Structure formats: structure tokens, C-alpha cells
Amino acid sequence: MHRAARVVIWSVLGISIGPLLLVAQEPGVETSRSPAKRLLVPPRKKAFQFAIFGDRTGGSPSGIRVLEQAVQDANLIDPDLVMTVGDLVQGYNQTQEWIPQAQEFHRVMSGLRMPWYPVAGNHDVYWRGPNRPFRGHEANYEAHFGPLWYRFRHKNCLFLVLYSDEGDPETGRKGYPSPRLTQFSPEQLAWIDASLREGQNCEHIFVFVHHPRWLDKKYPGSNWPTVHRMFVGAGNVRAVFAGHIHRMHYAGKRDGIEYFGLATTGGYLRSDFPEGGWLHHMNLVTVRKGGIQISTVPVGSVHDPRKWTPQRLAAIDSLRNLALQRVSPPLGIDHRGVSRGVYRTRLTNPTQRPIRFDIQVQSSDPAWNWKPARHRGKIEAGASREIEFNYRRLSVADHAKNTRVQVPAIEMSLVYQAEERHVSIPSRVIPFPMVPILPTEGVPDEWGQRSVQFDGKSGCLRVDSSALGLPDGPFTVECWMKAEDLQNRRALLAKTENSEFSIFVSGGTPTFSVHLGGRYANARGPKGCLQLNRWYHLAGVYDGSEVRLYLDGIRIAQSPAQGARRQNGLPFLVGADPDNRGRPMSFFQGQIDEVRVTEGVRYAGERFHPKTILKTDEKTRLLLGLNGEIGPFCLDLSRRSAHAFQVGGCALSDVVPSPAPPQPR
């Protein structure tokens, strides 16, 4: 059957010139400077780009959204034209279902600012159901898309579109991989031969077909070798592009001709694995007189820089830092590790666009039970959504092994639904707020006399700055300690970062520092005076005129100091030093006990007798007895509720201070 060439008219817009290689120095770079290095200018050669879309169908109907995004991407890249490799409609149906699918594809592709060219695939022409026309949907295809095979010229290049689903010439049956059904007809072969002669003076010939017939295992017995020999004889066929297999595939260069298989542009993907070749993409071909360059552009990876307005950036930043507003009390945990209740939080959309949220509980502690454990939904601009979790934790704590309650967290993922594309905000993990429930019957029997063991790698206790609330002016900070390693930088008690105060024991030399009047005032003890595996009491005092350091009740260092203490919002750490984001570093290795922070001067003069068990009074801002734990907390016995949160490698130990007389140098 002879098919007359049909005329398909598209409006051609601008031409985009792709990146060019630098060549020998030419005039054209002008400057008022005299640099030693000369700059190259691009060669004066014509070039253009065209894009290729992969299969659209075989997957869910939502794949049309991927095609819409690909159209937006192509408009930003602005190639001269867009090619396809077939499977434009879902097909495998009858005319009444086929036509709306064709109209939908046209509606999306009409958004392109440049012409596009179809290729017929099996989904486009295969018929399913009664009353099958002899050649399936071929008539529908040619009426709505154009000829089954055709050619056109552009900038001294020939574009050759083939039809790989002619099927059985006697029965009209179509399919694959039967050899009888995978042949190019004598009519099409003759037309291919004539087309190659027509394009013999073209710089490049590009070929587009749906089925990659060169893959012998998928199409055994096809007559592609005949077609390939025709291409080789032409001498200027550069590349052949196909679809169908829904996975990127490069068959290499055969006799100077490159063979490419595309994945999809909205079609079915067997796996979400771009690195394995399963992805939605377009191929971008840059054409020059001397050769071509081909790249893959994943759908959605092309962005319009004009969209990054201050308003959009402010909206995205507000979502990156969006806080959950607590509506109910924090999670309470008792000394048995039991917790139950309802936790409510509110999420408010601060932007002028809708957002989608995905909030789920994260917990490595199997004792926790949550109903529900996940919330998902949409929040319109400026609106709020209240989220509720029912929680329960039964006691599984084994105090003999110091099993610690793991604090659960909320993982929050947000999507900003901008007009042209959705923006996924990096997910955040937000620990649930938790407080200890103090025992009404007094300290549990199993607590006794204990201390905390620190591993020197990750362990510390953290007290929030707001809970400590130490005002400016004189203060005292102290604890008992026994070191197991004093090499390198070792923080004992610290709230520093060019501010506040600390006690360090690096290299066995105790140092008390306070940031006063714009600099640190230091009281540094004798070098290396601390020994390993021995209990010491260390106390730092600032009285308004000097800083003093006491070791086992004996003053070993002092330094004049005055001025306002520079404060910060960083946590007070026991067994570590906070960095500028409050993260612990410079970890202490050994044991610490009886940590106390006092407003005002607690020790004066040359010496005092340190107590192994410290007491609280009206000036005490923090007292950590470190004899037991409630969940992840070590209790503040000052009743100011500045409870210390256990971090990393630290745990209760039964070893308690047994001081020996100090030998200061």
C-alpha cells in the first residue's frame, strides 16, 4: 500500500546554540588590562540542538505529569526541535478509547515552543477487541499524528523516521519477537534507500525508530542487518535512536554508527534506579559540522533561574526551619521507663502555596508503641493542621545493665507545591520533647551511690542553657572526677565558644576559664598535676575580681579578672565541650560525679574540705548527684528541673569518689 507523504505544519521559534569547544586564539576578547594569560574565543561555526523524548506509556496514567515536566524542561533548554521514539498513547484498545489518549498527548506536547515529531510504536498502532481493522490503529495514527515513516531536513541534516510495527503483510497481525512480524517491508526498504540517496550530501543523518531491532536476542530473525548495511553504505548516518525497552542502553558504535536505546519520559519503569538506566529523561543532541555530542537530561533536573525570587527563597527557608508547635505536654517517663499518653502538635504552613507533609515516628526502642505512627496530608497556604499520636511504653529497663530509654523522634518531610514544580524540602528529625516524672515516694532503692562513666568518644551529659539560667556575676562550678586518659584536649565541664566558662583537664593540667570583658581569664594549675585512675575534686570560682582554681580543696591557681561574662545559648556539657552549634567535642574519658553550679562564691581563701556528697541551697543553679536515671535523664537535685540528658557513650557506674590527700606542686 502506497502512503503519500503528509505535510505537517509546526511553527518554528528560536534556535539555541549549544556549548562550543575552544580552539586556537582568535581576535575578539577586548579589555583595558594587559594580562599574561590570553583567553580563547569560540569558533565561528554553526551548531544546533535537538531533544529526544522516550516512551510515554506502559505505566500509570500519572505518567502524563512526567511528560508535562519534560515539556517545561525542553522549553528551558530551547532546542530547535523535539523528536520522540514512539508509544505516545496507552493504546491496545479501540477507537473510542484511543482518540482521547491521542488528544491528551497532543494537549501536553502543544506546550512546546518548538516543533516536535512523532514516531509510531506498538502502543500507538496495536488494536485490542473486536472489529479489528486490517492494520490496527494505523489509520488513526496517520490521521492524528502523521505518516508512519517520513523524513525532513534541518540545517543540512536529514532526520529519518522509520516504522517498526508493520506486522504480517497477509494477515495484518502485529507483534514481536516473531521473525515474520519484525520485518521492514520491501516498500519501506525501498523508501529508506531513496531517503539515504536524498540525503547523500547532508552533513549528518539521524534515524528514529521505536523497536531497537539491532538487539538480536529480542528480535531474532529481523531484517535489521539489511537496514544497517544500507546505513553503512550511505556513509553519513551518525546515530540511531529507539525506545520500547524502557531502559537506557548503548549498543556501541557499529561501522561508525552509534546505537542508542532510551528509557522513558513518563512510561513504565521496572525499577526506580537511575544509575541502572531506569529513569525518566530526554536525550539532548548537540550537532556541529565536525560531529555530535549526546547527553542525558533527567526529567525535572532543568530549572528556570528566574524562579529563584526573594519571595520563593524566603518561602523555602521558612519550610526548612519550620517548627512543630507543641499543643500537649511533653512525653513523660518515670524511673521504671514507663510512659503513656497523647501527644499533640500543630503544623502551620507559613507560605503562600500549598505544602504536603509526611510525618512519622522514628524509634529504635521496641518498647514504644504508637497509634498512628505516621501522618500524611496537605495544608493550604496559611492554614494549620493538628497532628495527634497515642503513645505507650512498658517497662523493659534492666537497671543492672543500665539499659537506657531511647528518645523517639519525628521525621518530617515537606513538599512545597510551587506553580511550575514541586520542591522537596530536606527531611528533618526532631526528637519528641520528654521530661522525667519524679518519684513521689523518694529516690528509688536501686539508685544508691553511683557516678557516670564517659567513654572519651561520644559520651556527655547535656543541660539546656535556658534550664541552667546562670546570671552574670560571681559563680562557682565544681565536680568530682577520675580520668582514664588525659592526652589531647579533654573537657570536664564546659559552656564555651568564645564565651561563658569551662574546666579542662587536657594533658593532666586543670584549667578554669571564664570569658570576661571580651577575653578569657584563665586559672591554670601545675602542668600534669592530675594522675590517672584517681579521684579528684575540682572547683572553679569567679568572685568578681579574680578567677581561682581549687584541687581537692586547695587553691592551686588564681588570676585577676573582671568584667561582664559573655553569655551564649549553647548547652552546658558534662564530659565534653560544645562547638558553635552545641555539638559535643573534646570528650572526657573516665568518671564524673557530683556536678554543682552555684550562683555566687562558694569557696574563698586558701583551702576548704570538699564533701563527697554535695548539697543544694537557695544559690544552687544545678546539682547532678548522678546516682540514678529516669529514662535518658540524670536528675537535677536543685529542684530547678535542669535535668541532664545523656548523650552517646556514657552510663551509670557503681564506682564512687574515694579521695586521697592531694599533692599539689
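Read the figures in this text as sums done on the coordinates, not as results from a lab. Because the structure is predicted, anything quoted here is derived from the model rather than measured. Note that each Cβ is placed from the backbone with ideal geometry, even for glycine, and that neighbours are counted across all protein chains shown.
As a calculated quantity, the FRET efficiency between L313 and R639 at R0 = 41 Å, using C-beta atoms, amounts to about 0.35. For region 438-567, the gyration tensor built on C-alpha atoms gives an oblate shape. Its axis ratio a/c (a ≥ b ≥ c) is at least 1.5, and a/b is not larger than b/c. For the chain, the calculated P(r) over all alpha carbon pairs, in 20 Å bins from 0 to the bin holding the longest distance, is 15, 30, 22, 22, 11, 1 percent. Near L492, the amide H atoms lying under 5 Å from its own belong to I503, F504, V505; only residues 5 or more places off or on other chains count, and H is placed 1.01 Å from N. Measuring nothing but alpha carbons in region 306-436 and taking Rh as the Kirkwood radius, the Rg to Rh ratio lands at 1.08.
Relative to the longest principal axis of the C-alpha atoms of the chain, give the angle of the C-alpha long axis of helix 95-109, reported between 0 and 90° and rounded to the nearest 10°. Taking Cα atoms only, the helix is inclined about 60 degrees.
In the structure shown, do any of K174/K253; K155/K307; K218/K289; K174/K217; K482/K615; K37/K289 have a Cα-Cα gap over 23 Å, and if so which? Over 23 Å Cα-Cα: K174/K253; K155/K307; K218/K289; K37/K289. Taking every C-alpha pair closer than 8 Å and separated by at least 6 residues, the mean separation divided by the residue count of region 451-653 gives a relative contact order of 32 percent. For trypsin sites (Lys or Arg not before Pro), the sites in region 494-537 that DSSP calls loop and that have at most 11 other Cβ atoms within 10 Å are K527.
Using a cutoff of 8 angstrom between alpha carbon atoms and counting only pairs six or more residues apart, the relative contact order for region 306-436 works out to 29 percent. Peptides 555-562, 248-255 ranked from most to least packed, by the mean per-residue count of other Cβ atoms within 10 Å: 555-562, 248-255.
Here the Karplus relation 6.51 cos²θ - 1.76 cosθ + 1.60, evaluated at θ = phi - 60°, turns the backbone of region 540-545 into coupling constants of x, 10, 10, 10, x, 10 Hz, with x for every Gly and Pro.
When K155, K482 are sorted by how many other C-beta atoms sit within 10 angstrom of their C-beta, beginning with the fewest, the order is K155, K482. Highest average first, the peptides 589-596, 43-50 ordered by how many other beta carbon atoms sit within 10 Å of their residues are 589-596, 43-50.
Between region 187-222 and region 256-293, what's the alpha-carbon centroid distance in Å? After rounding, the separation between the Cα centres reads 19 Å. Extension gain for the segment D334 to L438, taken as residue separation times 0.36 nm less the Cα-Cα distance, is 36.8 nm to one decimal. The long axis of helix 186-198 is offset from the longest Cα principal axis of the chain by roughly 80 degrees.
Separation of region 508-551 and region 413-435, taken as the distance between their Cα centroids, equals 45 angstrom. Estimated at 0.36 nm per residue, the fully extended path between D272 and I554 surpasses their Cα-Cα distance by 94.7 nm. Hey, with R₀ at 41 Å, roughly what FRET efficiency would E386 and K611 work out to, going by the Cβ-Cβ distance, to 0.05? About 0.25, to the nearest 0.05. Judged by the gyration tensor of its Cα atoms, with axes a ≥ b ≥ c, region 548-602 is oblate; a/c meets the 1.5 cut and b/c is at least as large as a/b. With a simple spin-label model that places each label point 7 Å from the Cα along the Cα-to-Cβ direction, the separation between Q200 and N131 comes to 4.9 nm. Could you tell me whether region 584-665 comes out rounded, prolate or oblate from its Cα gyration tensor? Rule is a ≥ b ≥ c as square roots of the eigenvalues, rounded for a/c under 1.5, then prolate if a/b exceeds b/c, otherwise oblate. Judged from the Cα gyration tensor, region 584-665 comes out oblate (a/c at least 1.5, b/c at or above a/b).
Here is how the number arises for the chain: DSSP H runs of 4 or more residues each give -39500 (n - 2.57), the sum is divided by the residue count, and the result at 222 nm is -3500 deg cm²/dmol. Compute the acute angle (0 to 90°) between the alpha-carbon long axis of helix 310-320 and the principal axis of greatest extent of the alpha-carbon atoms of the chain; round to the nearest 10°. The two axes meet at around 60 degrees.
For the peptides 627-636, 348-357, 257-266, the ranking by mean Cβ contacts within 10 Å, running from highest to lowest, is 257-266, 627-636, 348-357.
Run the numbers on the chain and let me know its relative contact order in percent, using alpha-carbon pairs under 8 Å that are six or more apart. So the answer I get is 10 percent.
The charge dipole of the chain, taken about the Cα centre with unit charges on the Cβ atoms of Lys, Arg (+1) and Asp, Glu (-1), comes to about 900 debye, rounded to the nearest 20.
Extension gain, Q487 to E68: 0.36 nm times the residue separation minus the Cα-Cα distance gives 144.7 nm. When the Cα convex hull of region 131-251 is projected onto planes of every orientation, the mean area is 8.3 nm². For region 353-392 versus region 54-88, the inter-centroid distance based on Cα atoms is 35 Å. Taking label points 7 Å from Cα along the Cα-to-Cβ direction, D365 and S499 give a separation of 3.1 nm.
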